[in-house]
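The values are calculated or read from the model by the stated rules, or taken from the named source; none is laboratory data. Only a predicted model underlies this, so the values are computations on that prediction, with no experimental measurement involved. Using ideal geometry, Cβ is built from the backbone for each residue, glycine included, and neighbour counts are taken over all protein chains shown. When the accessible area is computed, the model is the full protein with side chains, heavy atoms only, and any ligands, DNA or RNA have been set aside. Shrake-Rupley method; radii C 1.70, N 1.55, O 1.52, S 1.80 Å.
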Amino acid sequence: MGIRHDQGIVLRSFPFGEADRVVVLLSPNHGKLRTVAKGIRKTKSRFGGRLEPFSHVDLVLYEGRNLDTITQVAMIEPFHNLRSDLDRVVMAGAMVEVADAVAQENESSVRLFLLLQRGLRALEAGSAHSDLLTAYLLKAAETIGVAPALEHCAGCGRRDGLTRFSFPAGGVLCDECRTPGAYSLRDGLTLYLAKLASADLGDLPDINEAFSGEARGVARRFVEYHLERQIQSLAVLDV
Ligand SMILES: [Zn+2]
């Protein structure tokens with residue numbers, strides 16, 4: 001036990017005891033970090049507003065038996081701009097909720113960290129592109145090794161006649177491999193999803209309103225199926 005340095009993006013926090021909060025962060029090197037910020041609920045907290053969700057911060061931690069205590073915080077990237085717009089706050093909330101559901105403790109998560117950072121930066125730059133979350137979800141699935149097959153049949157690998165989508169099979173299926181429960185997709189939707197899965201979050205292809213909503217629904221249910229849980233902030237968005 002002793003003092004150590006780390007960094008992370010704040011995912012969420014909740015009250016702990018009378019004046020403290022547990023702050024949960026995503027660290028590139030150590031995955032999900034659960035820390036305590038002592039005295040943060042007092043009016044004159046030395047942490048100021050630096051431990052709000054989405055903030056990327058540098059930390060000095062005092063290691064404890066269960067939770068590490070934050071002794072110093074320095075802001076790396078505050079994401080001020082996205083906080084001024086409710087739509088983008090809701091999207092950022094969905095991004096951190098997905099990262100929280102995917103991340104493990106004590107495990108390097110550089111790819112997931114960089115994905116979350118790129119997603120927040122796209123929101124910070126002003127994007128509230130409704131395909132941004134779809135692309136983020138497809139990329140989050142990839143970081144946990146369950147990227148959906150979108151350009152070839154998940155059963156036999158062929159690249160044509162892909163008319164069905166199956167969550168348990170892990171992507172699109174041809175007519176011969178179709179399983180009960182696999183549902184039919186509109187022509188072009190698979191291609192639309194494939195383009196989003198490989199796109200740069202800061203430079204997404206032009207939105208196609210005819211596919212956008214359905215694409216997000218497929219990506220969301222795919223990720224929820226593999227995480228075995230619902231992403232509440234996405235449910236709010238899709239009402
Ligand atoms: Zn097949």
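Taking only the Cα atoms of the range 81-237, the ratio Rg/Rh comes out at 0.97, with Rh defined as the Kirkwood radius. What GluC sites (Glu not before Pro) does the range 205-236 have in DSSP loop regions with at most 11 other beta carbons within 10 Å? Listed in order of number, the matching sites are E228. For the chain, the longest principal axis of the Cα atoms and the long axis of helix 110-124 meet at an angle of about 90 degrees. Ordered from longest to shortest, the equivalent ellipsoid semi-axes for the range 1-122 are 22, 18, 12 Å, each the square root of 5 times a Cα gyration tensor eigenvalue.
Atom-type composition of the exposed protein surface of the chain places 48 percent of the accessible area on carbon and sulfur (1.4 angstrom probe).
For R65 and K44, a Förster radius of 35 Å and the Cβ-Cβ distance give a FRET efficiency of 0.75, rounded to the nearest 0.05.
Any idea what angle helix 189-198 forms with the longest principal axis of the chain, computed on alpha-carbon atoms, 0 to 90 degrees, nearest 10? Once rounded, the angle reads 40 degrees.
Accessible surface computed residue by residue for the range 89-233, with neighbouring protein chains in place and a 1.4 Å probe, gives 46 Å² per residue. Potential lengthening of the chain between I3 and A147 amounts to 48.0 nm, from the contour at 0.36 nm per residue minus the alpha-carbon distance. Its relative contact order, with pairs defined as Cα atoms under 8 Å and 6+ residues apart, puts the chain at 16 percent. Toward the positive end of the charge dipole of the range 3-77, with +1 on the Cβ of Lys and Arg and -1 on the Cβ of Asp and Glu, the farthest Cα among F16, I70, L33 is that of F16. Using Cα atoms only, what is the angle between the long axis of helix 131-143 and the major principal axis of the chain, expressed in degrees (0 to 90) to the nearest 10? Compared with the principal axis, the helix lies near 80 degrees.
If you place +1 on the Cβ of every Lys and Arg and -1 on the Cβ of every Asp and Glu, how big does the dipole about the Cα centre of the chain come out, in debye to the nearest 20?
740
Using the Karplus relation 6.51 cos²θ - 1.76 cosθ + 1.60 with θ = phi - 60°, the per-residue 3J(HN,Hα) values for the range 221-234 come to 5, 5, 5, 4, 4, 6, 8, 6, 7, 8, 9, 4, 5, 7 Hz, with x marking Gly and Pro. Potential lengthening of the chain between D100 and D187 amounts to 28.0 nm, from the contour at 0.36 nm per residue minus the alpha-carbon distance.
Each Lys or Arg adds one and each Asp or Glu subtracts one; over the other residues with Cβ under 14 Å from the Cβ of L114, this totals +1.
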